[in-house]
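> Pasting a structure below so you can have a look.
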Amino acid sequence: MSMLRDAIMQAFGEHVRFDHGLHPSSVATCLVSRDRFGEAAKVMKKAYALLAAEWAADETLLGRGYGVFACYRWGNEYLIVKTEVPSDDAWFPSLSRRFVPAFRFERQIMSLMGITPAGNPDVRPWIKFEDWPEDAWPLRKSFDAAQQMPRVRGEYPWTRAEGEGVYEIPVGPVHAGIIEPGHFRFQAVGEDVINLEERLGYVHKGIEKKFESLAWQDGVKLAGRVSGDTTVAHSIAYCRSLESMTGCPVPQRGHWLRALFLERERIANHLGDIGAICNDAAFAFMLYQLSRLKELLLRTNLRLFGHRFIMDRVIPGGVAVDIDPAGKREIFAEMELLHKEFERLVLIYDENPSLEDRVRDTGILKPAAARELCVVGVVARASGLNLDCRIFHPFPPYDRHDWMQLDVPVLISGDVHARAWVRIQEVRESFRIIRKILEDMPDGDISVPCAQPPADTTGFSAVEGWRGEIIYWLQSGPSGEVNRCMVRDPSGVNWLGLELAVLGNIVPDFPLCNKSFNQSYSGHDL
Amino acid sequence: MIRILRQIFRTGIVTEPLQLVVEEDISTVGTKLEEAIRKRFGRSLTIRQVDAGSCNGCELEIHAMNNPIYNCERFGIHFTASPRFADMLLVTGPVARNMEIALRRTYAATPSPKLVVAVGDCGCNGGIFGKSYASLGGIDAVIPVDVYIPGCPPSPTALLNGILRAIS
């Protein structure tokens, strides 16, 4: 299908040019002039597309200015719209009027690349803190990544609420639990939250810039550490993007093992999340039971694949570790045990009225709002959006739909319960898929050498991690080196959903809402 | 309710004796840790965990220390919500530039005497992120560190062993 491609060709005619440097060829990049970049967004909105990501690349080494990119998604089609911006006149029209999440992507582009989004109502820096020098734009090629930046004086203008009885609760960056740092500011009246403002960027480690200094082969290690809990999915996404640029023929067995790792990662994290959601509703029993099951899974990972989180086992060209018949038997036995125990616990979850009282109708993200915010993954599926890269943008064996019969749970209530229940259904489904994968796994090599990509090409991949769709967009420079690596973790859009879902809830329910989203700070801040 | 009780009885006690990373008798380690905590901290060691910029892999393993299999509470180890009650800071890294001030403030808010344990390869020396405009490297680039626990991420057993090393 090429609904988006048709829509833009119809609206732009000869004013749109397709760029054939992007791989895989199923994803298209089209070039429009800068003044019509916003119009393209309007066409996409009319074609029911969602905005998947927006980013910029410094292409001065390639003899161009900056490139600003917007990636749209509809069904199984991705379309990247690019516009070129001259270096000495760095601005582009904002897309925030058409697509809400653009405002945050654009704040990031402005802060890290120094290109002004004209018409964006919120131009406060994002990730770049107020104590950075104003002209520090790390993603520009002229920026020296090794420098120690001086701290300057500055102030971050917070959103304020005024009136009788309005008070403010600042939380973080160092939180009460064992979690990552971020700052939340609530305005509340009595117990009701009337506004929540997030401020992230505390764990910004310069990952995107770091990629540019690494060899292609070494980048996968860094991709595996963008968000430690999603190490498998990030490694796969990086590798698939690189492999699409070089046309690397990954052996079938390599693909299937990746899928096995991906599903094991999904189960491990969902088990932890379901337990943690219950724990935040003061039902610690579930946390301890489920974390016990999670621990069993991690130990099997360590025994069979050499790492508890299967870190660094996905490499460009395939995977680094195989499974033997004894290992398969071990996983079959483990799946059986886990499944039985899990079903007992689900029954307890489902029958507990005090838990139900907390999780139902709490932290609602309505389907219409979810669509406006273009959220992805578990959050999207709990709010009525049928999105899953395993269906719409699959790699083998997910592309064998008739064989796999993947059942993607979609709920419409959008509350904490829906997000927990989507996870429960996905765990069940992953148990089933893992068995299927092990039964029918093809023989053969697990990896092939991956070549170096040619100069000035780009690669794209979208992989369904346990949180949701992860996008990698790679670009090679004039001598085939890494020119830009764009990472879009699901957290890049889903954090917006939390800001909306928590409105009208009572302050003590915030941890519960937050846990049901459980977004990555590191994956967002990069 | 009956289902909950049944599940609890069926599960039983799954906690395992702590294994020492360096060659020593398995059973002595747990008791050693407990003894050290009893003697030096009046039966409880209170830890404040600080993520100074990690990828959250180390946090997963610190969480796992609390699961019923490792059950760090049996040794009197508690995680506290405030640095003001803490005996020890368990810091994961690298130290992001944007977290430097928060880390310094947390350190200042912790009463002396205090122990600082750097967790993970990144906490020890910056790991794969190293030193850059956004990352200051290991924890000891910002606050003094008593014990280092390498690993990417270190296993829960390695973490418990590292904590034992810090207090003995």
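Every read-out reported here was derived from the displayed coordinates using simple, explicitly stated rules and does not represent laboratory data. Here the structure is a predicted model, which means the values were calculated and not measured. Counting neighbours? That spans all protein chains shown, and the Cβs are built from the backbone with ideal geometry, glycine included.
> Provide the convex hull volume over Cα atoms per residue for the stretch A:207-525, in Å³.
It is 119 Å³ per residue.
> Only helices at least 30 Å long along their own axis, judged from Cα atoms, and with Kyte-Doolittle mean hydropathy of -1.0 or greater: name those in chain A from DSSP H.
A:252-280, A:284-305, A:325-351, A:416-440
> With a cut-off of 8 Å between alpha carbons and a minimum separation of six or more residues, what is the relative contact order of chain A in percent?
For chain A, the relative contact order is 17 percent.
> How far apart, in nm, are the 7 Å Cα→Cβ label points at B:Arg3 and A:Thr60?
6.3 nm
> Still on this structure, please answer the following. Using alpha carbons only, how many degrees (0 to 90, rounded to 10) separate the axis of helix B:100-109 from the longest principal axis of chain B?
Rounded to the nearest ten degrees, it is 60.
> Dipole magnitude of chain B about its Cα centre, charges +1 at Lys/Arg Cβ and -1 at Asp/Glu Cβ only, in debye to the nearest 20?
Once rounded to the nearest 20, the dipole reads 620 debye.
> Suppose every K and R has +1 on its Cβ and every D and E has -1 on its Cβ; what is the size of the dipole of chain A about the Cα centre, in Debye to the nearest 20?
Charge dipole of chain A: 520 debye, to the nearest 20.
> Oh, and also: List, largest first, the extents of the alpha carbons of the protein assembly as shown along their principal axes, each in whole Å.
That works out to 78, 61, 51 Å along the principal axes.
> Let me ask something else. Do any of A:Lys209/A:Lys366; A:Lys340/A:Lys515; A:Lys82/A:Lys436; A:Lys294/B:Lys32; A:Lys45/A:Lys141; A:Lys221/A:Lys515 go past 30 Å between their Cα atoms, and which?
Exceeds cut-off: A:Lys209/A:Lys366; A:Lys82/A:Lys436; A:Lys45/A:Lys141.
> Go ahead and set up a Gaussian network model of chain B, Cα springs under 10 Å, then flag whichever of B:Pro83, B:Pro156, B:Pro17 fluctuates most.
Result for chain B, Cα springs under 10 Å: B:Pro17 fluctuates most.
> Starting from the Cα of A:Lys210, draw a straight line to each of the aspartates and glutamates and keep only those under 18 Å, dropping any in the same chain fewer than 8 residues away.
Cross-link targets: A:Asp58, A:Glu59, A:Asp144, A:Asp218, A:Asp312, A:Glu481, A:Asp489, A:Asp525, B:Asp121.
> Which residues make up the longest stretch of chain A clear of GluC sites (Glu not before Pro) that lie in a DSSP loop with no more than 12 other Cβ atoms within 10 Å, not counting the sites?
That would be A:192-526.
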